[in-house]
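Asker: This is the structure I have questions about; it appears just below.
The values are calculated or read from the model by the stated rules, or taken from the named source; none is laboratory data. Treat the numbers as computed from the prediction; the structure is a model and nothing was measured. Backbone-built Cβ (ideal geometry, glycine too); neighbour counts: all protein chains shown. Surface areas here come from the heavy atoms of the whole protein model, side chains and all, with no ligands, DNA or RNA. Shrake-Rupley method; radii C 1.70, N 1.55, O 1.52, S 1.80 Å.
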Amino acid sequence: MTPKRNRRAGVEDLWWKTVKVGGKETKVESKLHGTGKRWRARYVDDDSHERTQRFDRKVDAQKWLDDIVASQVTGSYVDPVRGKVTFTSFYKEWSSRQVWVPGTVKAMNLAAGSVTFPTVAMAELRPSHLETWVKAMQDKPLAPGTIKTRFNNVRSVLRAAKRDKVLGEDPSERITLPRRRRADAAMVIPTTQQVGALITEAGIEFDAFVGLCAFAGLRLGEAAALQVGDIDFLRREINVERQVQRANGHTIEIRAPKYGSERTIPVPDGLLKLLSLHIAHWRHDSKDPTRWLFPGEGKHPWHQNSVGYRWRAARKGIGAEHLHLHHLRHFYASGLIAAGCDVVTVQRALGHSSATVTLNTYSHLWPDADDKTRKAADALFKSSTESTAYPLRTEGAK
């Protein structure tokens, strides 16, 4: 039978031991007397393993033990063995257990591989390490949005290390990131004239795709993954149930949309007509509802490369090479907001995971309190003056 460990926490003198002589307790020299450090502090960790450390002075041993006990109580305890694991080693172990889609795997590996502290032990990570890394990304230079994304991805690794008792305090807290442009200044919203010109320039092969992005707010991967059966012409709806993504090795993957993005979108009659013309011209050869609306090579639909090639040609044709396909999604969102749709309606139409995401992106497009107050007061004024035939003053009035 394996003997139980002594699980008491405390400081003990290794040079002297207490024995009973003649019924009285007396201190005598131990076998370790005069060799090594005199004082040993010990405690039991969360896994019921006894940890010890030796010191020359009792006061130092007691302070070390007090700090350990305090960290166990406050939740900032770091396993002294696991704390020696480097950032790269911990990430490799932790990431292998995560349930990620290929896109997340690629983004996380890119962020973790870009840090400037890959061989630093987790317990030794300091805010200065994070600051050095952020400055290196800025000097590269990377865009502020890219820096923020990579920083947040690495921060998720550090938070996981803290939960696993590998890291005490999160060194990524209160790190200053490069300032990003305000959403209202950075956002590009195509004009109605530009969208109309793009649809015309796209031609009969690509105009329906542009229409789906501009008048239904679909992302590139969502529009490319549409099947003919996803369009309900009777109910005037489109069901978004999947997306196309490029994976490693230039392969194509069909998977569920981003979290919270599976949805049913009401669509205007004009877009339905555009889609019906597309199906009649390109997809009339089969009655299979699962056939791709935009078929590519082999059994796959279009993907980022095939769509990107057609989009660049269309925008070049109208002299608007600064526009990205995602800007059509902003065009759709701005139209819904201008029509008076509330934030939840816009969120569901765009497939955002929460209303907070929608507000963070498009809050500047909604009228503020002053606009609403002014509009309401103006309506009250008009209704009051019209009902009483109030004579507005003019310069010629007596």
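Asker: Please state which one of V344, V307 is surrounded by fewer than 16 Cβ atoms within 10 Å (Cβ to Cβ), hydrophobic (A, V, I, L, M, F, W, C) and not in a loop (DSSP other than H, G, I, E, B).
Answerer: Result of the check over V344, V307: V344.
Asker: Please verify whether D230 is in contact (Cβ under 8 Å) with a residue 60 or more places away in the chain, acidic (D, E) and either in contact with a Lys or Arg (Cβ under 9 Å, 6 or more places away or on another chain) or surrounded by fewer than 20 Cβ atoms within 10 Å (Cβ to Cβ) (or both), treating the condition exactly as stated.
Answerer: It is true that D230 is in contact (Cβ under 8 Å) with a residue 60 or more places away in the chain, acidic (D, E) and either in contact with a Lys or Arg (Cβ under 9 Å, 6 or more places away or on another chain) or surrounded by fewer than 20 Cβ atoms within 10 Å (Cβ to Cβ) (or both).
Asker: Follow-up. I'd like the residue in the range 117-129 that is surrounded by 15 or more Cβ atoms within 10 Å (Cβ to Cβ) and closer than 13 Å to V154 by Cβ and, out of all such residues, is modelled with the lowest pLDDT.
Answerer: M122
Asker: Within the range 165-178, identify whether any single residue is under 18 Å from the mean Cα position of the chain (by Cα), surrounded by fewer than 17 Cβ atoms within 10 Å (Cβ to Cβ) and of a type in the set (G, A, S), and answer yes or no.
Answerer: Within the range 165-178, not a single residue is under 18 Å from the mean Cα position of the chain (by Cα), surrounded by fewer than 17 Cβ atoms within 10 Å (Cβ to Cβ) and of a type in the set (G, A, S).
Asker: Okay, moving on. Using beta carbons and a limit of 7 Å, which pairs, at least six apart or on different chains, have the first residue in the range 281-301 and farther than 18 Å from E222 by Cβ and the second one among the polar types (S, T, N, Q) and open to solvent by 70 Å² or more (accessible area, probe 1.4 Å)?
Answerer: none
Asker: Identify the residue in the range 7-29 that is outside any strand (DSSP E or B) and surrounded by 12 or more Cβ atoms within 10 Å (Cβ to Cβ) and, among all such residues, is modelled with the lowest pLDDT.
Answerer: A9
For (1) open to solvent by 60 Å² or more (accessible area, probe 1.4 Å); (2) under 20 Å from A208 (Cα atoms), each residue gets a yes or a no:
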| residue | (1), (2) |
| --- | --- |
| E241 | yes, yes |
| G260 | no, no |
| P266 | yes, yes |
| L271 | no, yes |
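Asker: Restricting the range 310-319 to residues that are buried (at least 16 other Cβ atoms within 10 Å of the Cβ) and more than 28 Å from the chain's Cα centre (by Cα), which is nearest to R246 (Cα to Cα)?
Answerer: Step by step, filter the range 310-319, then rank; the result is R310.
Asker: Could you figure out which of (1) open to solvent by less than 40 Å² (accessible area, probe 1.4 Å); (2) of a type outside the set (D, E); (3) farther than 16 Å from P266 by Cα isn't true of L212?
Answerer: (3)
Asker: Here is a further query. With open to solvent by 30 Å² or more (accessible area, probe 1.4 Å) and in contact (Cβ under 8 Å) with a residue 40 or more places away in the chain as the only criterion, which of H322, H330 stands out?
Answerer: After ruling out the rest, the residue left standing is H322.
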